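Heads up, the thing below is written out as structure tokens.
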Amino acid sequence: LLDYLASEFVKGGWRMKPFHRQIMLSQTYKMASTASKVGLTKDPENDFFWRFDMRRLSAEEVRDSILAANNTLDLKLGGASIYTTMPAEVLAGQSVPGANWFTSPRDQQNRRSLYIHIKRSMSVPILASFDAADTDSTCPVRFTTTQPTQALGMINSTFLNEQAQFFADYLTKNAKTTPAQVTLALKRVAQREPKATEIQRGMAFIASAKTKHKLTEAQ
């Protein structure tokens, strides 16, 4: 396979774009991660690549997907780096608290994560939690971890709670009834049509929040 790709690369005049296109249009690259009973029985470890291996989103993808779900992700290309709003606890950990971190205007902070300014001594919490590249040394490979602090960090994150409110505002603006809001929420987050059972589960969750925790629609 490597010999074939190398010869195709040379045949294409050493041009990267056609080479990338050839790989990305291949059947292997376009495979879904959907499992099947037959496949899991014959090859549970996916050694023969009958499906795409499941993987967790990278740190930048986690943040970008949150912004994309509530329709606030800014896809503008190029330009200067941005400075996100940094929690006071993180700024306080610097030798000179808050030094050289210039918070960008709110309308610029929703740009893709690759545009966030990198400061060696201070990392954006959500990126650090989900294994962004280490800024203290070279990082040829990222490790993928799953740990309780990731969930706890998202629950208690100022950024996440702000985005949750933006998401709620988006749903109430674009869907008038509760079932329609649940359907839209699932569609935006999962990027597919939700199943009836998923909508019912969402409705049951809202009903439980109202009766058990005495929450209102706005909450």
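Please treat every number below as a calculation from the coordinates, not as lab data. From a predicted model like this one, the values you see are computed outputs, not experimental measurements. Glycine also receives a Cβ, built like all others from the backbone with ideal geometry; neighbour counts cover every protein chain displayed.
Points to keep in mind about this one:
- Shown for the chain are the DSSP H helices of 15 Å or more along their axis, judged by Cα atoms, with a mean Kyte-Doolittle hydropathy of at least 0.0: 59-69, 178-190.
- Long-range Cα-Cα pairs in the range 35-107 (distance over 19 Å), rounded percent: 62 percent
- Cα-based reach from LYS176 at 15 Å (exclusive), listing aspartates and glutamates while leaving out same-chain residues under 8 positions away: GLU217
- Simple spin-label estimate for THR197 and LEU91 gives 4.8 nm between the two label positions (7 Å along the Cα-to-Cβ direction from each Cα).
- Proportion of all alpha-carbon pairs of the range 99-219 beyond 20 Å (%): 61 percent
- Sparsely packed GluC sites (Glu not before Pro) within the range 8-80, loop by DSSP, other Cβ within 10 Å at most 11: GLU45
- GNM flexibility winner over the chain from LEU186, LEU25, LEU127 (Cα, springs under 10 Å): LEU25
- Most mobile listed residue (PRO140, PRO179, PRO87) in the chain, GNM with C-alpha springs under 10 Å: PRO140
- For the range 56-158: relative contact order, % (alpha-carbon pairs under 8 angstrom, 6 or more apart): 34 percent
- The longest stretch of the chain left intact once loop-based trypsin sites (Lys or Arg not before Pro) with at most 12 other Cβ atoms within 10 Å are removed from consideration, loops following DSSP, is 121-175.
- Cross-link partners for LYS173 among the lysines, with Cα-Cα distance under 29 Å and sequence neighbours closer than 8 places in the same chain left out: LYS76, LYS187, LYS195, LYS210, LYS212, LYS214.
- The range 101-143 - Kirkwood radius from inverse mean 1/r over Cα pairs (Å): 11.8 Å
- Value of Rg to Rh for the chain, rounded to two decimals, is 1.02; Kirkwood radius and Rg both from alpha-carbon coordinates.
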